[in-house]
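Presented below is the structure to which this report refers.
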Amino acid sequence: MSDWGINVIFQGQNFLRLLEGLGVSMRIAVVSVLISSVCGIFLGLLMTSRYVAVRSLCRSYLEAVRIVPLLVWLFVFYFELTKVLHLQLPAEFVADIVFSIWGTAEMGDLVRGAVTSLPAHQRESGLAVGLTRWQVYRYVILPQAVRRLLPSAINLVTRMIKTTSLVVLIGVVEVLKIGQQIIEVSILKVPTASFWVYAIIFFLYFIICWPISLWAKHLEKRWQ
Amino acid sequence: MKSWKKVFAVIATFVFTLAFAAGCGSDAQTDKVKTSASSSASAIEQIKQRGKLRVAVFSDKPPFGYVDQNGKNQGYDVYFAHRLAKDLLGDENAVEFVLTEAAARIEVLEADKVDITLANFTVTPERKEKVDFAAPYMKVALGVVSPTGEPVTDVSQLKGKKLIVNKGTTAETYFAKNYPDIELLKYDQNTEAFQALKDGRGAALAHDNTLVFAWARENPGFTVGITKLGDLDTIAPAVKKGNTELLNWVNDEVTKLGAENFFHKDFETTLLPAYGDSVKPDDVVVEGGKL
């Protein structure tokens, strides 16, 4: 029985299709992680601003992204935007936008947490030795904040990679959907197909996410 | 002073968040007006200019719409889509398949992502309010599959026995409403339900007749004792609400294809390999839109 199940993976182009699907997932993840890292740092710093208006504006952006499920954002950008503005955006582009919006909000909150967790005397000492506000951020606050940020940021990155499987609902076919296509085509003849297909998908996600965790661990050690 | 600032911050946050949410809400309201206004008279011209007919199909519902091991779209719906492209644009490959999920079948039409939805789309009164259905090309009813040794050929045989159904399907509602004295064993997944039948946890299993036919064929020792039960549902092509030009064209096309028994040919090519001769084509196929 079991050897029939695994054969499903190697029928026709199936394995290649799974890899292509993984490519789609990874492309969306990489683009949105890069954008969210850059924008998230700026958002995080804005969230520590002295001005209440700036802080509450950032805060409402974060809350709006958090309380509305990601799936709804995907639908809003892909379907509703077209209906209202007649703006036809390609599905993968919509995925990049929505995941960047979400990643930026979450990363911003992590950065805010890391920055505010630093003792106040760090900033005060920086100012006292004559650094400008920008220099204090560049040389004192950010280098320390990034170290505190690392574990939770890596967690966010792997979460973003795995959450890309939602994009199938706006018609982007990624690795999990291709797995389901393979399972459904073979389920009647090979009932064990689902086990093997999910095992392969597990393995594919693992070889992507595990090195990221290893690299993070390595950095944490080096910076200690 | 400080606490006053805090209160202000909380209120401001609340207001902004509401504004965001309201922004999304108003989108949903205005779209109704716009969709009916934007249905252009030259829908078919647009498709011809584009040179491609965009059709929403399933990618994981064999044998109706699925992707085969070489990554090609296949199935009963896909076969029909190729024919539509051939008749409209002169090339059966002038079709762009947009893979869709059950939940997004209405949205893809409303947002102009596709011209026609051919995704095993059952006609219901609720859906009719949102999209325009053309003449049907398929029909489904419930079927009951049971072990060949103890076949269930009539619903009365099920009294006092257990019947396996899937949660949320028409089978569940039909039996709960019409035969409350039959005990139902409910499962979430198709695979679980069929496994339960194999394990002998119930006397029979009820589901869409097309599905039980396909399953019985792959699993010797089981037969579909009741092939048609309950309300007959139809499956039809759908276009965007108000797109009368394309709707009329699809209706004409279904009538024309009926004259040459096209859907029987479609059945033989795509469904017969899955169902075998256990299914009579006339139990599933609708020709010329006439039941």
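Residue by residue, segment A:51-59 carries 3J(HN,Hα) couplings of 8, 4, 4, 4, 4, 6, 5, 4, 4 Hz when phi is fed to the Karplus relation 6.51 cos²θ - 1.76 cosθ + 1.60 (θ = phi - 60°); x denotes Gly or Pro. Amide hydrogen proximity for B:Glu96: with H placed 1.01 Å from N in the peptide plane, the residues at 5 or more positions away or on another chain lying under 5 Å are B:Leu53, B:Arg54, B:Val55.
The order of A:Met107, B:Met138, going from fewest to most other C-beta atoms within 10 Å of their C-beta, is B:Met138, A:Met107. Calculated on the Cα set of segment A:112-177, radius of gyration then Dmax: 18.8, 57 Å.
With just the Cα atoms defining each centre, how far is segment B:201-231 from segment A:70-109? Give it in Å. One Cα centre to the other: 42 Å. Rounded to whole Å, the principal axis extents of the Cα atoms in the protein assembly as shown read 90, 57, 47, largest first.
Using a ≥ b ≥ c from the Cα gyration tensor of segment A:2-223 (square roots of the eigenvalues), is it rounded, prolate or oblate, where a/c under 1.5 gives rounded and otherwise the larger of a/b and b/c decides, a/b for prolate? Judged from the Cα gyration tensor, segment A:2-223 comes out oblate (a/c at least 1.5, b/c at or above a/b). The helix-based estimate of mean residue ellipticity at 222 nm for the protein assembly as shown, built from -39,500 (n - 2.57) per DSSP H run of four or more residues and divided by its residue count, is -18500 deg cm²/dmol to the nearest 500.
Looking at the protein assembly as shown, the DSSP beta bridges with both ends there are about 65 percent antiparallel. Evaluating 6.51 cos²θ - 1.76 cosθ + 1.60 at θ = phi - 60° for every residue in segment B:162-170, the Karplus couplings come out as 9, 10, 8, 9, 9, 4, x, 9, 5 Hz, glycine and proline recorded as x. Close Lys pairs in segment A:2-223, defined as Cα atoms under 29 Å apart and 8 or more places apart or on different chains, number 5. How many angstrom lie between the C-alpha centres of segment A:193-224 and segment B:94-162? A separation of 40 Å, based on Cα centres.
Reachable aspartates and glutamates from B:Lys162, Cα under 12 Å, same-chain residues fewer than 8 places away excluded? Filter leaves B:Asp181, B:Glu183. Cross-link partners of B:Lys130 among aspartates and glutamates, defined as those whose alpha carbon lies under 19 angstrom from its own and excluding same-chain residues fewer than eight positions apart: A:Glu80, B:Asp27, B:Asp31, B:Glu101, B:Glu107, B:Glu110, B:Asp112, B:Asp115, B:Asp233, B:Glu245. Rounded is the label for segment B:140-233, because the ratio a/c of its alpha-carbon gyration tensor axes (a ≥ b ≥ c) stays below 1.5.
Counted over chain B, the DSSP beta bridges are approximately 65% antiparallel.
Sequentially through segment A:204-219, phi angles give Karplus couplings (6.51, -1.76, 1.60; θ = phi - 60°) of 5, 4, 4, 5, 7, 7, 4, x, 4, 5, 4, 4, 5, 4, 4, 4 Hz, Gly and Pro residues having no value and appearing as x.
Taking a straight Cα-Cα cut-off under 19 Å and skipping sequence neighbours fewer than 8 places away in the same chain, the lysines within cross-link reach of B:Lys86 are B:Lys48, B:Lys52, B:Lys72, B:Lys256, B:Lys265. Residues considered: B:Val239, B:Val155, B:Val67. Largest GNM mean-square fluctuation over chain B, using C-alpha springs under 10 Å, is found at B:Val155.
Read-outs throughout are calculated quantities, based only on the coordinates presented, and are distinct from any laboratory measurement. Everything numeric here is computed off the predicted structure, so don't read it as measured data. Neighbour counts are summed over all protein chains in view; Cβ atoms, including those assigned to glycine, are modelled from backbone coordinates with ideal geometry.
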